[in-house]
Amino acid sequence: MNDLFSDRILKTKASFTREILKATESNDIISFAGGLPNPISFPLEELAKSSARIIEMHKDKVFQYSTTEGYLPLRQLIADRYEKRFGLKFLPEDIMITTGSQQGLDLVGKVLINKGDGIILEEPGYLGAIQAFSLFEPTFLPVTLEEDGVNLEELEHILRTQSVKIFYSVPNYQNPTGLTYSLKKREAIRKILEKYQVVLVEDDPYSELCFDGESYPYIGADQLEYSVLFGTFSKTVTPGMRLGFVITKNKALMKHLNTAKQGSDLHTNIFAQYLIYDYLVHNDYEKHITKITALYKQQSSVMLDAMDRYFPSYVSHTAPLGGMFLWATLNNGLAAIDLLAEAVKENVIFVPGDPFYTTKERVNTLRLNYTNSEETTIVEGIKRLGAILHRYV
Ligand SMILES: Cc1ncc(COP(=O)(O)O)c(C=O)c1O
C-alpha cells in the first residue's frame with residue numbers, strides 16, 4: 001500500500017499536538033498541550049452582528065467566488081494598521097490574504113523549495129512550520145535559539161557554508177518558547193542577511209499579544225529585498241475563520257505566491273474576509289486586544305507562580321512577555337517524553353520538546369500553554385506535574 005503514497009507524505013510526521021489533542025479530547029484531562037486561544041475572548045455578539053450586516057449589505061457577493069489576493073478593503077486596513085503600529089508603508093498589492101498564516105508556510109515552500117534546499121529554522125522551532133516545510137523535502141538547518149534570538153555565529157556559519165533558500169523565524173513570543181528577539185539581535189541579523197540571497201520569513205502571530213510595552217521593529221519587513229511577513233487574525237479575533245496574510249514588497253515573489261495559491265484553493269473564504277473586515281471597522285479592536293492580553297498576562301503569571309511553588313529547582317523556564325506559551329527545561333536530563341507518559345496517568349498533558357526539533361529526540365524540554373485553562377485549573381495541573389517531577393529529585 002505504501003507504494004501508492006508519495007515520498008514526501010511518507011516522510012512527513014503527523015502533528016504531535018493534534019494527535020495528543022485527539023487522543024485526550026473526550027477525557028476530563030487538564031491540557032497545557034494545545035495552542036488554543038481562550039474562547040472567552042471570541043467576540044461572539046459582535047461577529048453575529050457583522051455576519052447579519054454583511055449579508056444585508058453585500059448580498060450574493062459574500063457567497064460568490066472571489067479574487068486570489070483577497071478582499072481589497074481588508075488588505076488596505078491591514079496596510080494601515082502596520083503603518084500605525086510600526087510606521088511601515090505597505091500597499092494592498094503587497095498583501096495577500098491566506099487561509100491562516102499556516103497556508104503562508106505551504107505557499108512559501110511551494111514557491112521556493114526544491115528537494116534538498118536548505119531552510120534555516122530556530123531550534124526549537126514551530127512544529128507547524130517543520131510539518132508544512134517537510135512536504136517539500138528540504139534540508140533543515142537548525143540554529144540555536146537563545147534568550148534574545150538565534151545564535152549569530154551559527155547563523156552566519158550556515159549561510160556561509162550551506163545552500164540556503166529560507167530563514168524562518170518567529171521573532172515575537174515564539175512558539176514554542178515564548179522568547180522574543182532583542183533589538184540588538186534583530187539589527188545584527190538584518191546586517192548578516194543583507195549579504196546573502198536568502199528569503200527571510202518572519203512569522204508573527206503573537207506580537208499583538210504583548211503584555212507590556214511596545215513591540216520591536218521587524219528584522220526584515222520592508223527593509224530586506226527578500227523579506228516576507230506573515231500575520232493572522234487567529235489569535236486576536238478567531239482562529240476558526242482561518243484568516244491570515246502574507247506581506248512582501250518583492251513583486252516576483254508575490255506573483256509566484258499568488259500562482260501557488262490559485263493552485264491550492266483559488267482564494268480564501270470570502271465570507272470570512274467580509275466578516276472580519278466588518279468586525280474590525282465597527283468595533284474597538286484595540287480595546288479588544290487589550291482585554292485579551294490582560295487575560296493572558298494574568299494566566300501566564302498564575303502558571304509561573306504555580307511553577308515556582310510546585311516545581312523542583314532542577315526545572316528552569318522562560319517568563320514570556322507576551323504570546324501563549326512558556327518553555328521549561330529539566331536540568332537533570334530527564335526526557336520530557338517519559339514525563340508525559342506519567343502525566344497522562346495523572347490526567348494532565350503538555351507537549352514534550354521532541355516535535356520542535358528536527359535533529360534531536362528525547363529532549364529535556366517541554367512546552368506549556370496557559371491561555372486555554374481557568375486559573376484554578378492551571379494551578380491544579382501544575383501541582384500534579386510538580387508532584388511527578390519531585391519523584392526525580
Ligand atoms: C508561529 C505560528 N505560525 C503560524 C501559526 C498558524 O496560525 P494560523 O491560525 O494563522 O494558521 C501558528 C499557530 O499556532 C503559530 O504559532
### Separation in nanometres of the label points that stand 7 Å from Cα toward Cβ, at Ala341 and Ser163
4.2 nm
### Task
May I ask you to evaluate 6.51 cos²θ - 1.76 cosθ + 1.60, the Karplus curve with θ = phi - 60°, for each residue of segment 275-286 and list the ³J(HN,Hα) values in order in whole Hz, giving x for glycine and proline?
4, 5, 4, 4, 4, 5, 7, 9, 9, 8, 5, 4
### Message
Students often forget the sequence filter, so: which lysines lie under 23 Å Cα-Cα from Lys297 once same-chain residues fewer than 8 apart are removed?
### Response
Lys235, Lys287, Lys383
### Query
Can you sort Ile30, Ile247 so the residue with the fewest Cβ neighbours within 10 Å comes first?
Ile30, Ile247
### With at most 10 neighbouring Cβ atoms within 10 Å, loop chymotrypsin sites (Phe, Trp or Tyr not before Pro) (DSSP) excluded, longest segment of the chain
66-393
### Task
For each of Arg53, Arg85, count neighbouring Cβ atoms within 10 Å of the residue's Cβ, then give the residues from fewest to most.
Arg85, Arg53
### Message
I'd like the per residue volume of the convex hull spanned by the Cα atoms of segment 296-393, given in cubic angstrom.
### Response
91 Å³
### Message
I want the local charge near Pro92. Using Cβ-Cβ distances under 11 Å, sum +1 for each Lys or Arg and -1 for each Asp or Glu among the other residues.
### Response
-3
#### Entry: Principal axis dimensions, largest first and in whole angstrom, of the chain by Cα
60, 53, 52
### Summary
To the nearest 20 debye, segment 52-129 has a Cα-centred charge dipole, built from +1 on Lys and Arg Cβ and -1 on Asp and Glu Cβ, of 280 debye
## Note on the structure
Going from the fewest other Cβ atoms within 10 Å to the most, one would list Leu340, Leu209 as Leu340, Leu209
### Task
Measure up Lys165/Lys185; Lys110/Lys191; Lys13/Lys360 against 23 Å on the Cα-Cα distance and list the ones that go over.
Lys110/Lys191
### Summary
Filtering GluC sites (Glu not before Pro) in segment 354-393 by DSSP loop and by at most 13 other Cβ atoms within 10 Å leaves Glu361, Glu374
### Query
Of Phe311, His157, Tyr173, whose Cα points farthest to the positive end of the dipole of the chain (charges on the beta-carbon: +1 Lys, Arg; -1 Asp, Glu; origin at the Cα centre)?
His157
### Query
Counting pairs of alpha carbon atoms under 8 Å apart in space and at least six apart in sequence, what relative contact order in percent does segment 283-393 give?
34 percent
### Query
With charges set only on the Cβ (+1 for Lys and Arg, -1 for Asp and Glu), what does the dipole of segment 262-393 come to about its Cα centre, in debye to the nearest 20?
360 debye
### Query
What list of ³J(HN,Hα) values in whole Hz, one per residue of segment 189-205 in order, does the Karplus curve 6.51 cos²θ - 1.76 cosθ + 1.60 (θ = phi - 60°) give from phi, with Gly and Pro shown as x?
5, 4, 4, 5, 5, 4, 7, 10, 8, 9, 8, 8, 9, 9, 9, 10, x
### Task
Scan segment 92-194 for trypsin sites (Lys or Arg not before Pro) in coil per DSSP, keeping those whose Cβ has at most 14 other Cβ atoms within 10 Å, and list them by number.
Lys115
#### Entry: DSSP-loop GluC sites (Glu not before Pro) across segment 155-251, with at most 16 other Cβ within 10 angstrom
Glu194, Glu214, Glu225
### Query
Placing +1 at every Lys and Arg Cβ and -1 at every Asp and Glu Cβ, with all other atoms neutral, what dipole size does the chain have around its Cα centre, in debye to the nearest 20?
520 debye
### Task
Name the lysines eligible as straight-distance cross-link partners of Lys59: C-alpha to C-alpha under 24 Å, and not fewer than 8 places from it in the same chain.
Lys49
### Query
Around Gln174, with a cut-off of 14 angstrom between Cβ atoms, what is the net charge of the other residues, counting Lys and Arg +1 and Asp and Glu -1?
-4
## Note on the structure
segment 148-274, Kirkwood Rh and Cα Rg, ratio Rg/Rh at 0.99
### Set of aspartates and glutamates with alpha-carbon distance to Lys251 below 12 Å, sequence-local pairs under 8 removed
Glu93, Asp94, Glu225
## Note on the structure
In segment 99-212, taking the dipole from +1 charges on Lys and Arg beta carbons and -1 charges on Asp and Glu beta carbons about the Cα centre, the listed residue (Cys210, Pro138, Gly100) farthest towards the positive end is Pro138
### Task
Show the residues, 5+ positions off or on another chain, whose built amide H is closer than 5 Å to the amide H of Leu141.
Ile119, Ile120, Leu121
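Laboratory data are not the source of any read-out in this text; all were calculated from the coordinates shown. On a predicted model such as this, the values are computed, not experimentally measured, just so you know. So basically every Cβ, Gly included, is an ideal-geometry build from the backbone, and we count neighbours across all protein chains shown.
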